[in-house]
1. Once phi is turned into ³J(HN,Hα) by the Karplus curve 6.51 cos²θ - 1.76 cosθ + 1.60 with θ = phi - 60°, what whole-Hz value does each residue of region 242-248 show in order, with x for glycine and proline?
2. In sequence order, what are the phi-derived ³J(HN,Hα) couplings for region 58-75 according to the Karplus relation 6.51 cos²θ - 1.76 cosθ + 1.60 with θ = phi - 60°, rounded to whole Hz, with x for glycine and proline?
3. Taking +1 at the Cβ of each Lys and Arg and -1 at the Cβ of each Asp and Glu, which of 1, 55, 122 sits farthest along the dipole of the chain towards its positive end, judged by Cα position relative to the Cα centre?
4. Would you pull out the residues with amide H under 5 Å of residue 143's amide H, same chain only if 5 or more places away, H placed 1.01 Å from N?
5. Starting from the Kirkwood Rh over alpha-carbon pairs, what translational D in µm² s⁻¹ does the chain have by Stokes-Einstein at 25 °C and 0.890 mPa s?
6. If we count every other residue with Cβ under 12 angstrom of residue 10's Cβ, Lys/Arg +1 and Asp/Glu -1, where does the sum land?
7. If you average the sequence gap of Cα pairs under 8 Å that are 6 or more apart and divide by the length of region 2-103, what percent do you get for the contact order?
8. For region 107-234, what's the relative contact order in percent, using C-alpha pairs closer than 8 Å and at least 6 residues apart?
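Every read-out reported here was derived from the displayed coordinates using simple, explicitly stated rules and does not represent laboratory data. If you're wondering where the values come from, they're calculated on a predicted model, not measured in any experiment. No Cβ is skipped: glycine too gets one built from the backbone with ideal geometry, and neighbour counts run over all protein chains shown.
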Amino acid sequence: MTRLSEIIEELNGIAPPELKEPWDNVGLMVGDATQKIERVFVCLDLTTENVAAAIEANADLIVSHHPLIFKPIYSVTESDPIGSMIRSVIKNNISVFSMHTNFDKAEGGMNDLLAHQLGLENIRSFTEEECVDGNGNPFSGIGRVGMLEYPMSLEDFIHQTREALGCAALKYSGDLSEPVQTVALCSGSGGKEGIYSAFHSGADAYVTADLSHEHARSAYELGLNIIDAGHFETENLICDFLASFFAARFPELEVVTSEATPFYSRI
């Protein structure tokens with residue numbers, strides 16, 4: 001018999017909650033730490049579709065990256081999408097736990113997963129002000145920088161990134177013929193601050209998501225090649241990670257992985 005409290009202890013071990021950004025909300029969103037858990041549903045986002053899939057799977061616990069409750073809420077009603085999902089998980093006795101920026105920063109977390117997926121070596125954090133936690137760990141900052149084994153053109157690296165992350169398409173800014181070997185990255189939204197951190201790290205290219213016109217202009221003025229690979233694509237790696245985590249730490253549990261696709265399409 002596995003209690004939710006045991007799972008929380010293990011999840012907090014890989015993504016300590018104290019690593020989260022001050023504006024973030026992580027941890028147990030809904031539920032009872034004494035609950036018995038048999039089935040776990042893992043996903044990137046808490047959506048109506050994923051909540052329905054978790055209910056269909058008879059899950060006792062949903063573990064997500066993006067938190068169900070992010071901003072303060074003042075009512076929980078069926079007419080509001082967040083309120084409706086909260087009501088649904090409570091009615092079906094499903095607990096919800098989220099690891100967001102604490103998992104982004106953690107050693108072995110989201111940004112390390114992304115770096116390895118892109119084939120980088122000699123990986124380190126690129127945000128100096130956050131690159132050491134209380135245990136002297138040099139890998140707990142937002143963002144990573146690493147090296148490709150061999151230099152390649154930006155065009156070839158774009159194609160490699162597309163294939164590695166399963167992107168239908170992606171945006172970029174830069175010289176396609178320029179050589180790339182040092183790569184900076186930030187999963188999810190790595191806007192203007194990330195661009196400057198990537199530039200100061202000496203990166204030849206920066207991989208992130210949710211880049212705006214202003215972000216692209218900043219990178220252009222700095223002479224930094226940038227690739228917007230998509231928020232979903234740079235972070236959905238958490239699903240396979242969590243499936244492997246539960247198989248190793250809690251083999252007695254059944255794990256169901258979200259089959260959701262990005263909210264957006266490109267033509």
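1. Rounded to whole hertz, the list is 5, 4, 5, 4, 5, 4, 7.
2. Taking θ as phi minus 60°, the curve returns 6, 6, 9, 8, 10, 10, 10, 7, 6, x, 5, 10, 9, 9, x, 10, 10, 7 Hz for region 58-75.
3. 55
4. Excluding prolines and chain starts, which carry no amide H, the hits are 187.
5. Working: Rh = 19.3 Å.
Calculated translational D: 127 µm²/s.
6. Values: positive: 3, 249; negative: 6, 9.
Combined, the nearby Lys, Arg, Asp and Glu give 0.
7. Values: 177 pairs, mean separation 38.9, N = 102.
For region 2-103, the relative contact order is 38 percent.
8. Working: 274 pairs, mean separation 30.6, N = 128.
About 24 percent, as a whole number.
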